[in-house]
Amino acid sequence: MTAEPAIQSTDVELLNHLTTAKAKLLEQVGRRIVGQHEVLEGILTAILSRGHTLLVGVPGLAKTLMVSTLAETLDLKFSRIQFTPDLMPGDITGTEIIEEDLTTGKRAFRFVHGPVFANVVLADEINRTPPKTQAALLQAMQEHEVTAAGTTYHLPEPFFVLSTQNPIEQEGTYPLPEAQLDRFMFELRVEYPNADEEEEIVEETTGADMPAVSKVLDGPDLISMQQLVRRIPAPKAIVRAAVRLARMTRPNSDDSPALVNEYVDWGAGPRASQYMVLGAKARAALDGRPMADLDDVKNVALSVLRHRVMVNFAAEAAGRSAHDVCSELIQEGTWLREGAD
């Protein structure tokens, strides 16, 4: 197999532009959002990889404001869908209505676009709606299109879904099925701010004014940068390490350690390997580097894996979550050493 070519010289200027844009984006979003730098970098990494993101955090941590502000700095159309038990699929994708021509008196069906027809879609508390409605997002997330009444409509590009979940209150919720969880590139944990950050939040949000933010990029810029990420080479060691780590999460396989055989029912599929490599490329691009390395894979691995690994009853009895198992696998490092061989 021939080696993947290095990034072209014509891309160097775009790579430098991306690095500068990242700093400006974080500065602009920082006018309204205090802290949460790792979450913001994770969202940017997913966006550059054309991936979707699941944000997990308790209420009141500004998840919605974070996403809407980021969409504003990217000059993208933002849409928020509040998921509730009575939400119907047509409330997301859109519906056909009968429209009468006042001149001729003729009636015809017209499709009215739903809120999914946006560049950045915030699916707020996605686990509060039944599976039938959750599934309305599947085609949109995978194919970037919607089919209604036998007609397929393409969604605007770029297109991202960022969903939120409350990890505490589980009454009246419908956990996302594994097939839909697998559509999300990352699961990012939005944590409480520290004491200094919380004081700053209170000071800034109890005044009269909302800080304004400026546009940093637009849709065509973002599409060009997504294409750049695809052109960044992934050395064989990167691919081998990502595949090895994903295979280690699958119980009773040749690669699985005792920890996985004891505590895991189902491991991550090939999409996890793909997303670890794409995420590594995106992180390298955001840092202005023309090639991804093993540290980039390690940095994105936990966000890619923890919502794809299903632990068993033995793990629950021992107080071990999928997050714990994946963290231990990543830190153990066998997959890194073998990937480097």
- Exactly one condition in (1) touching a strand residue (DSSP E or B) at 6+ places or on another chain (Cβ under 6 Å); (2) within 30 Å of His37 (Cβ to Cβ); (3) not β-branched (Val, Ile, Thr); (4) not in a helix (DSSP H, G or I) is not met by Pro251; state its number. (2)
- Query: Is it true that Pro193 is surrounded by 13 or more Cβ atoms within 10 Å (Cβ to Cβ), under 30 Å from Ala118 (Cβ atoms), in contact (Cβ under 8 Å) with a residue 24 or more places away in the chain and under 23 Å from the mean Cα position of the chain (by Cα)?
  - Reply: yes
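For the subset of the stretch 105-114 comprising residues that are in contact (Cβ under 8 Å) with a residue 24 or more places away in the chain and surrounded by fewer than 17 Cβ atoms within 10 Å (Cβ to Cβ), which member is farthest from the chain's Cα centre (by Cα)? Show your work before the answer.
Within the stretch 105-114, the subset in contact (Cβ under 8 Å) with a residue 24 or more places away in the chain is 109, 111, 113-114.
Subsequent filtering for residues that are surrounded by fewer than 17 Cβ atoms within 10 Å (Cβ to Cβ) retains 109, 111, 113.
Values: Phe109: 35, Phe111: 29, His113: 23 Å.
Among them, the one singled out is Phe109.
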- Query: Out of the stretch 273-297, which residues are closer than 21 Å to Val56 by Cβ and either hydroxyl-bearing (Ser, Thr, Tyr) or surrounded by fewer than 24 Cβ atoms within 10 Å (Cβ to Cβ) (or both)?
  - Reply: Tyr275
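Sort out which residues of the stretch 87-108 are at pLDDT 85 or above and of a type in the set (Ser, Thr, Tyr), and write them in order of number.
Initial filter on the stretch 87-108 (at pLDDT 85 or above): 87-94.
Thr93, the sole residue that qualifies.
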- Item | Looking only at the stretch 140-170, and only at residues there that are part of a strand (DSSP E or B) and of a type in the set (S, T, N, Q), the one that is farthest from Ala71 (Cα to Cα) | Thr151
- Task: Looking at (1) more than 19 Å from the chain's Cα centre (by Cα); (2) surrounded by 11 or more Cβ atoms within 10 Å (Cβ to Cβ); (3) over 19 Å from Lys63 (Cα atoms), find the lone condition where Leu102 falls short.
- Result: (2)
- Query: Of the residues Thr334, Thr249, which single one is buried (at least 18 other Cβ atoms within 10 Å of the Cβ) and among the polar types (S, T, N, Q)?
  - Reply: Thr249
- Item | Pair list, Cβ under 7 Å, 6 or more apart: the stretch 219-247 residue within 17 Å of Lys298 (Cβ to Cβ) and among the aliphatic types (A, V, I, L, M), other residue outside any loop (DSSP other than H, G, I, E, B) and at pLDDT below 90 | Ala237/Gly339; Ala237/Ala340; Ala241/Trp335; Ala241/Leu336; Ala241/Gly339; Leu245/Trp335
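Can you give me the ranges of the helices (runs of 4 or more DSSP H) entirely in the stretch 282-341 with at least 1 residues that are of a type in the set (Ser, Thr, Tyr) and closer than 19 Å to Arg189 by Cβ?
Working: elements: 294-305, 313-317, 322-332, 334-340.
Ranges flagged: 294-305, 322-332.
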- Pick from the stretch 199-218 the residues that are surrounded by fewer than 16 Cβ atoms within 10 Å (Cβ to Cβ) and touching a residue at least 60 places away in the same chain (Cβ under 8 Å): which of them is farthest from Lys298 (Cα to Cα)? Met210
- Task: Being surrounded by fewer than 16 Cβ atoms within 10 Å (Cβ to Cβ), assigned to a helix (DSSP H, G or I) and not charged (D, E, K, R) is the filter here, so list the residues in the stretch 124-134 that pass it.
- Result: Pro131
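If I ask for residues that are farther than 18 Å from Asp221 by Cα and either among the polar types (S, T, N, Q) or more than 8 Å from the chain's Cα centre (by Cα) (or both), which ones from the stretch 42-54 would you list?
Start the filter on the stretch 42-54 by keeping residues that are farther than 18 Å from Asp221 by Cα, which leaves 42, 52-54.
Across the stretch 42-54, the qualifying residue is only Thr53.
The values are calculated or read from the model by the stated rules, or taken from the named source; none is laboratory data. Please read these numbers as outputs of a predicted model, since none were measured by experiment. Virtual Cβ from ideal backbone geometry, glycine too; neighbours counted across all protein chains shown.
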